[in-house]
1. Considering only residues of the range 1-34 that are touching a Ser or Thr at 6+ places or on another chain (Cβ under 8 Å) and small (G, A, S), which is least open to solvent (accessible area, probe 1.4 Å)?
2. Is the range 93-109 home to any residue that is in a helix (DSSP H, G or I), under 30 Å from Y34 (Cβ atoms) and modelled with pLDDT under 90?
3. Within the range 19-50, take every residue that is small (G, A, S) and out of contact with any strand residue (DSSP E or B) (no Cβ under 7 Å at 6 or more places or on another chain) and give me the one that is nearest to T88 (Cα to Cα).
4. Please verify whether E120 is over 23 Å from T6 (Cα atoms), under 20 Å from the mean Cα position of the chain (by Cα) and modelled with pLDDT of 75 or more, treating the condition exactly as stated.
5. For the range 35-74, which residues satisfy the criterion of being within 21 Å of the chain's Cα centre (by Cα), hydroxyl-bearing (S, T, Y) and either part of a helix (DSSP H, G or I) or surrounded by fewer than 17 Cβ atoms within 10 Å (Cβ to Cβ) (or both)?
6. Of (1) closer than 21 Å to K8 by Cα; (2) modelled with pLDDT under 90; (3) not in a helix (DSSP H, G or I), R89 satisfies all except one. Which?
Amino acid sequence: NAEYFTRKAMTVGPNTVKVIERILKSREHEVQTYRLCLGVLNFVKKYSKLALENCCNLALDTNHVTYTFIKNSIAAVADEIGTAGYNTRLNEERNKGGFVMSSHAGDIDRLLSKSSKLAEREVDHE
């Protein structure tokens, strides 16, 4: 119910609480807003609480307090903040066991050189 979503929003910040309260009042029947509220609060799975709070502040400032506005703008807000805009713990878990290549690993000249050397070795072994 509304209390649940308001309590969850309190863990993010005051702007998020205001957004959730406005969304809850945006329909004739409160139950029609539950999925919207859940959607807004679920953005903390990918983005940080700071990013969601800043995005909700932007929504309030521009008077665009809707799930769609938040969905369309949170990525830009998170990018503006930088790494603090993302839930890095989740990203680290997703990448666990992944191989991280150095920045010059994709250099085309280096790759072609390695490829040529490997081809030469194959010719030598035949």
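The values are calculated or read from the model by the stated rules, or taken from the named source; none is laboratory data. Keep in mind that this is a model prediction, so the values were computed, not measured. Quick reminder, even Gly has a Cβ in these numbers, built from the backbone with ideal geometry, and neighbours come from all protein chains shown. These area figures cover heavy atoms from the full protein model, side chains too; ligands, DNA and RNA do not enter into them. Shrake-Rupley method; radii C 1.70, N 1.55, O 1.52, S 1.80 Å.
1. A9
2. So the first thing to find is which residues in the range 93-109 are in a helix (DSSP H, G or I), and the list is 93-94, 108-109.
Next, from what is left, pick out any that are under 30 Å from Y34 (Cβ atoms): 93-94.
Checking the rest, the ones that are also modelled with pLDDT under 90 come to 93-94.
Yes; the residues of the range 93-109 include at least one that is in a helix (DSSP H, G or I), under 30 Å from Y34 (Cβ atoms) and modelled with pLDDT under 90.
3. Pass one, the range 19-50, residues small (G, A, S): 26, 39, 48.
Checking the rest, the ones that are also out of contact with any strand residue (DSSP E or B) (no Cβ under 7 Å at 6 or more places or on another chain) come to 26, 39.
On the way: S26: 33, G39: 20 Å.
Of everything passing the filter in the range 19-50, G39 is nearest to T88 (Cα to Cα).
4. Values: over 23 Å from T6 (Cα atoms): yes; under 20 Å from the mean Cα position of the chain (by Cα): no; modelled with pLDDT of 75 or more: yes.
No.
5. So in the range 35-74, the residues within 21 Å of the chain's Cα centre (by Cα) come out as 35-60, 64-74.
Next, only the ones that are hydroxyl-bearing (S, T, Y) stay: 47-48, 66-68, 73.
Listed by number, the residues that qualify are T66, Y67, T68, S73.
6. Condition not satisfied by R89: (3).
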